[in-house]
Structures are given as structure tokens and as C-alpha cells.
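A short worksheet on the structure shown next.
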Amino acid sequence: MRIYLIGAGVIARTHALAAAKLPEPVDLRAADPNPAALADFQSQFPGVPTCKDAAEMLNAETPLDDDIVIVATPPSLHLGPTKLALQSGRHVLCEKPLAMNPVEAEEMLRTAERHGRLLGCCSVRFKGMPHMEAVKRVIASGALGDIYHVTFVNKWERSRSGIEYQPGSRWFLDSGKSGGGVLMDWGPYDFATLNDILQPSSIEVAGAWTAKPTTAADPIDVPFDVETHVGAFMTFRGGHRPIHVHYERASCAHGEEYVQAEIEGTRGALRWMPFDSRQPVFLRLDKDGTIDEEQVETGPRGPFTIMDNPIVHFHRKVRGLNSQANTGRYAVDIFRCISALYECERTGVKQILAMNREGGGGH
């Protein structure tokens, strides 16, 4: 199998390492107009063919039916390379967020459908991990009864992309390049998780807000116009009863840092740490009139990490195997969730999204 990397930076090198873990030999190629990025890539992966131009790389060879292109560029540079790769006759796995806005995402999907190729997104890093699958098994068992409320809060102190995390990538702070702040950065994972677990047929965003707390570490020499705190009140529909979701994500909390992911049902509750697969899953039920808490068996950790999962899941999809990949309309719908929060915050108008349940995992 041939895998073409558009972009040769940090995340591209992560994908290259993950590709080596696939259950078949992989031939890599990489393109990046930045000489420094190419040099760093070549030092880590000597012998891999590289060039400065993505079109030149893709046009140099006749496409094969199982070729995969990974678009590993900043979000403002996702649309062009994705369309170029799809038009070349290759499947495309795009980094998250999928696009800058819904118009771009729909254009990507139309191009993929027109050329009969798969379009996937890297929002699946945490899908299929043992703790996530354990949560889904508990829900499927009916142990919680009818689910009516979900709390999904991640407030991490001073973890801003472009400042405390990966400070050399200042484009994270510029909405013209990133599309947004912590919601664009982490929202793809959050909504991939929520949709995978709750399987809604529609989502109503009743209210949303964003904020940008200030600190002495804020850069003044580059654009910094993105949010670092976001919240929303949503209703997920499609099951026995509506599920009310309290969502919050922060990368610069002045308030207390905490993470709470909890699903509450009429018969019990479940809590876990979505983005730390090493932490246990806890189930709380009534037992003889008192609360009884037990740890849910999650099973052994597999050979793949969260950084491996995007290409591992997508490779299985390309091979026609059971897969956790987010592809096609489902991948676009995940991105539309993020856009709906921004639109609700901007206009104050409730947003209602119809969700496609197909293509989101286990298919």
C-alpha cells in the first residue's frame, strides 16, 4: 500500500510512525513546501521520497485503488489538498478539524462522492479504545435504564495549542488559519466521542458561549483571536427519551481544573475519563436501596495508541473490514456539530442538526 503525506510537520511524522504498524507493507511519500519541515522528515525517515509540491507528488504515479493520502496541514490548507488528492483517484484521510466551515466540508464530500473515493477525518483518535468500548457495552446492556443526562466537561489549565502546547505552531491562535480555538482543536474528538456513544438521530444546540481568558503569557507579536473556553447546552434525540448534554471545553481555565464525563440514567450512572484510556470506568447502581459503585472491566489495551488510530481505522475501511473510521457524510456531520456551536454562539439562535448514524464505527 502507498501512503502519501501532504505536509511533513509534527503530525505527518506521527502518521508515518503509525503507518509502520499496519498489518501490511507501506510505501511512504511526503510533500511539503517548507524545506525545514522536509529536512526534519527526511532525518527521521531516510529513504522516503519527498518533494516540495503535492500535485507533483500525486501526478508522478498512476493511482492505485488502495492509495491513501493523509492531509496533515493546518486547517486553512485542508480543502485544496483534499480535493486535489480525491481528484487524483485516491482515498483521503484529513486531519481534524475536517474543514474551516461547513461549505468547505460539503465541497470535500461532493468531490469524494464524484470520484468514488473515501473521505475520512482524524477525529477518531479515541474511538475503539478499550475504555470507550466498555462504556458502549454498559449502555447497550440497559444497566443505566433510560439515559436522560450527560455531563462532558474538560477544563485543562494552561494547555493552549500555540502557547503552552506546541508553541512553535502559532497558527493555532489565528482564526484565519485554524478556523477557531479550543472548539476547533478538541471539538472533533469530543463530538466523535459523544456521537459514537449516544448515536443521536438529531442534535439541538439550545445555547452556546465562548470566552478567551487573558494571561501574561499571551503573545502580542502574532494574531490571537480564538476562544480558549467554550460551553453548550444540547439535546441529543433518537432513543427512548431526549438526552440533555452539558458540554464544556477549556484550555486556559482560571477556575479549578477538572474533568467530568458522566452518563446518568433512570437506573444508574457511568463515569469515565474519555481522553485517558489508562483510567478506570465506574458504574453506580442502586443495590438494596443504597448506592453501589463498581469498576467496569475494560479488558487489555491493544497494540495501537490514540495517535495510531486514525490510519489504523481508515486502513481497515479501505480494505473493507469492520472499522471505527469516521467517513463520508458521518465525518461531515461530526464537523457540523462544531460549526453549530459557533453559529449558535454568534447568532443566539437555536441550531438543529439531523445526524447520519451510518459510517461512524463498527461498519
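Quick look at the values:
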| quantity | calculated |
| --- | --- |
| Dipole of region 44-195, positive direction: furthest Cα of Ser141, Cys121, Ala60, with charges on the beta-carbon | Ser141 |
| Value in Å of the Kirkwood radius, where region 2-117 supplies the Cα pairs that are averaged | 14.2 |
| Distance between modelled label sites at Met1 and Arg114, nm, 7 Å Cα→Cβ extension | 2.7 |
| DSSP bridge pairs, the chain: antiparallel proportion in percent, nearest 5 | 65 |
| Contour excess over end-to-end distance, with Cα ends at Asp221 and Ser141 and 0.36 nm allotted per residue | 23.4 nm |
| Degrees, to the nearest 10: 35-44 long Cα axis against longest axis of the chain | 80 |
| Using alpha-carbon coordinates, inclination of helix 328-347 to the longest axis of the chain, degrees | 70 |
| Linear extension gain, Tyr165 paired with Val259, 0.36 nm per residue minus alpha-carbon span | 32.0 nm |
| Set of region 261-304 residues, backbone N closer than 16 Å to the point 7 Å along the Cα-Cβ line of His240 | 263-270, 285-286 |
| Simple label model, 7 Å out from Cα along Cβ direction - Asp288 to Val10, nm | 5.3 |
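Just so you know, all these numbers are worked out from the coordinates, no wet-lab data involved. On a predicted model such as this, the values are computed, not experimentally measured, just so you know. Virtual Cβ from ideal backbone geometry, glycine too; neighbours counted across all protein chains shown.
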